[in-house]
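Since every read-out is calculated from the coordinates, none of them should be taken as a lab result. Keep in mind that what you see is a predicted model, and the values were worked out from it rather than measured. Note: ideal-geometry Cβ built from the backbone for every residue, glycine included; neighbour counts use all protein chains shown.
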Amino acid sequence: MDLRTPKLPAEERRAATVEAVIDLAAGCDPGEITTTAIASRMQLTQGALFRHFATKDAIWEAVMGWVAEGLLARIDAAIETAPSPLEALEAVFMTHVRFISEHPGVPRIMFGELQRSADSPAKRMVRTLVARYGERLRRLIDEGKARRQVSSDIDTAAAAMLFLSTMQGLVMQSLLSGDVKRIRAAAPGSFALYARAIRRSA
């Protein structure tokens with residue numbers, strides 16, 4: 001029996017594990033995070049941790065599931081409240097920036113998974129997240145064309161890729177600076193340049 005921490009329902013314990021991994025990743029290489037470190041962060045034994053996750057890969061899969069669900073839910077909420085496609089794209093961009101700023105361990109984990117040579121459930125989940133994100137962007141860009149906000153000769157797929165690449169560039173710069181939260185300051189100017197590139201001329 002673990003005498004150091006109160007017993008929690010299984011779902012709460014799994015959620016706490018995800019939170020612990022993301023917190024740890026904010027300050028170190030995700031590839032170096034061990035189950036010992038996770039259990040220590042949660043004030044648990046490894047045995048208690050493995051009662052909720054069969055393997056370390058299962059923990060990483062749960063982390064990426066949380067990221068995908070949380071980010072896409074915020075993005076969908078931002079889209080629903082925006083009055084136009086171009087404003088929706090801006091809302092999505094800023095929503096993503098806030099998510100990264102609040103959870104600086106997330107981009108470290110995602111980049112780490114994508115750099116792994118072997119396939120894994122977590123890596124497949126990252127690819128699925130990017131695909132679903134891209135679908136939303138392409139829909140908004142096409143709606144922008146229909147409403148004459150976005151230039152009709154813009155390649156929709158390329159414009160969606162440019163959006164994601166701009167975001168990735170901001171994240172990389174913030175990681176290099178050692179302060180992911182600086183991404184908030186650079187985001188408005190970066191989106192303004194993106195919007196200028198796709199906006200329909202008067």
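Consider all pairwise Cα distances in the chain and report the whole-number % of them above 30 Å.
For the chain, the fraction of Cα-Cα distances above 30 Å is 29 percent.
Rounded to whole Hz and in sequence order, give me ³J(HN,Hα) for region 162-170 from the Karplus expression 6.51 cos²θ - 1.76 cosθ + 1.60, θ = phi - 60°, writing x for Gly and Pro.
Running phi through 6.51 cos²θ - 1.76 cosθ + 1.60 with θ = phi - 60° gives 5, 4, 5, 5, 4, 4, 4, x, 4 Hz.
Using alpha-carbon pairs under 8 Å, 6+ residues apart, how would you state the relative contact order of region 55-198 in percent?
29 percent
Round to the nearest 0.05 the FRET efficiency obtained for Thr35 and Ala15 when R0 = 25 Å and r is the Cβ-Cβ distance. Mind showing how you got there, number by number?
Working: r = 17 Å, r/R0 = 0.68.
Approximately 0.90, to the nearest 0.05.
Show that you can apply the helix-only estimate: for the chain, add -39,500 (n - 2.57) for every DSSP H stretch of four or more residues, divide by all residues, and state [θ] at 222 nm to the nearest 500.
Helix-only estimate at 222 nm: -24000 deg cm²/dmol.
Output the 0 to 90 degree angle, nearest 10, between the alpha-carbon long axis of helix 121-146 and the longest principal axis computed from the alpha carbons of the chain.
Orientation of helix 121-146: about 20 degrees from the principal axis.
For Phe99 and Ala118 in one chain, what is 0.36 nm times their gap in residues minus the Cα-Cα distance, to one decimal in nm? Working shown, then result.
On the way: separation 19, 0.36 × 19 = 6.84 nm, distance 2.75 nm.
Gain on stretching Phe99 to Ala118: 4.1 nm.
Sort out for me the Cα centre separation of region 23-39 from region 143-158, rounded to whole Å.
Cα centres, region 23-39 to region 143-158: 42 Å.
Amide H neighbours of Val150 under 5 Å, counting only residues 5+ apart in sequence or on other chains, H built in-plane at 1.01 Å?
Lys145, Arg200
Can you list the trypsin sites (Lys or Arg not before Pro) in region 133-202 that are in a DSSP coil and have 13 or fewer other beta carbons within 10 angstrom?
Arg147, Arg148
Towards the positive end of the charge dipole of region 121-175, with charges on Cβ (+1 Lys, Arg; -1 Asp, Glu), say which of Ala159, Gln173, Gly134 has the farthest Cα.
Result: Gly134.
With a/c under 1.5 counting as rounded, go ahead and sort region 1-119 into rounded, prolate or oblate using the C-alpha gyration tensor (a ≥ b ≥ c being the square roots of the eigenvalues; past the cut-off, prolate if a/b is larger than b/c, else oblate).
Judged from the Cα gyration tensor, region 1-119 comes out prolate (a/c at least 1.5, a/b above b/c).
Please list, in chain and number order, the residues 5+ apart from Ala26 or on another chain whose amide H is under 5 Å from its amide H, with Hs placed from the backbone.
Residues meeting the amide H criterion: Gly105.
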